[in-house]
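The values are calculated or read from the model by the stated rules, or taken from the named source; none is laboratory data. Only a predicted model underlies this, so the values are computations on that prediction, with no experimental measurement involved. All Cβ positions, even for glycine, are placed from backbone atoms using ideal geometry, and neighbour counts span all protein chains on display.
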Amino acid sequence: MEYWNVYKDSYWRSESARSQKLYKSLKGIVIFLSASIPFFVGFISDFEFWEIVVSAIGVSIAVIEAWLGITKYHEHWIEYRSICETLKHEKYMYLTRTGVYDNENPFKVLVERVESIISKENVNWASLNNIQNAEK
């Protein structure tokens, strides 16, 4: 199944895992920093230094949340995982020659369907890129 090696789902799986890891890591930091603010506020009356610490934590939270909004790790994680699962489904349907692959030319159907799945992602990426360029 040489064609599958070109469009194997490992790219989508690795991108999904990468996005998931980044999203969860940054969200974990935000949660930790958010929870630490009430703790550090208790020290403000004793030391002026803690005002700076609490302010820095607040700024850090805002920056991380803004970064998460810009990079859309959560959305990418879900989208890439969905594509990966769809490609895996197509692969198993093709290998077992079931469903739409139960015909005299299943390879042609596989190519068409995989290309359709991947081209949808490319169209989504291009439209997102055009929107971002228009906002500049």
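Checking the stated criteria, V6 turns out to be β-branched (V, I, T) and at pLDDT below 80. Can you say whether V100 is over 20 Å from the mean Cα position of the chain (by Cα), surrounded by 15 or more Cβ atoms within 10 Å (Cβ to Cβ) and at pLDDT 90 or above, as far as the supplied structure shows? Judged against the criteria, V100 is not a match. Looking only at residues of region 78-97 that are among the β-branched types (V, I, T) and under 19 Å from R18 (Cα atoms), we find that the one that is surrounded by the most Cβ atoms within 10 Å (Cβ to Cβ) is I83. In summary, D46 fulfils each of the numbered conditions (1) assigned to a loop (DSSP other than H, G, I, E, B); (2) of a type outside the set (S, T, Y); (3) touching a helix residue (DSSP H, G or I) at 6+ places or on another chain (Cβ under 9 Å) with the single exception of condition (3). When W12, W50 are checked against the criterion of being of a type outside the set (V, I, T), surrounded by 14 or more Cβ atoms within 10 Å (Cβ to Cβ) and more than 24 Å from the chain's Cα centre (by Cα), a single residue qualifies: W50.
Being in contact (Cβ under 8 Å) with a residue 40 or more places away in the chain and surrounded by fewer than 14 Cβ atoms within 10 Å (Cβ to Cβ) is the filter here, so list the residues in region 53-77 that pass it. The one that is in contact (Cβ under 8 Å) with a residue 40 or more places away in the chain and surrounded by fewer than 14 Cβ atoms within 10 Å (Cβ to Cβ): W67.
Could you tell me whether region 52-62 includes any residue that is modelled with pLDDT under 95, touching a helix residue (DSSP H, G or I) at 6+ places or on another chain (Cβ under 8 Å), part of a helix (DSSP H, G or I) and closer than 30 Å to I37 by Cβ? Yes; the residues of region 52-62 include at least one that is modelled with pLDDT under 95, touching a helix residue (DSSP H, G or I) at 6+ places or on another chain (Cβ under 8 Å), part of a helix (DSSP H, G or I) and closer than 30 Å to I37 by Cβ.
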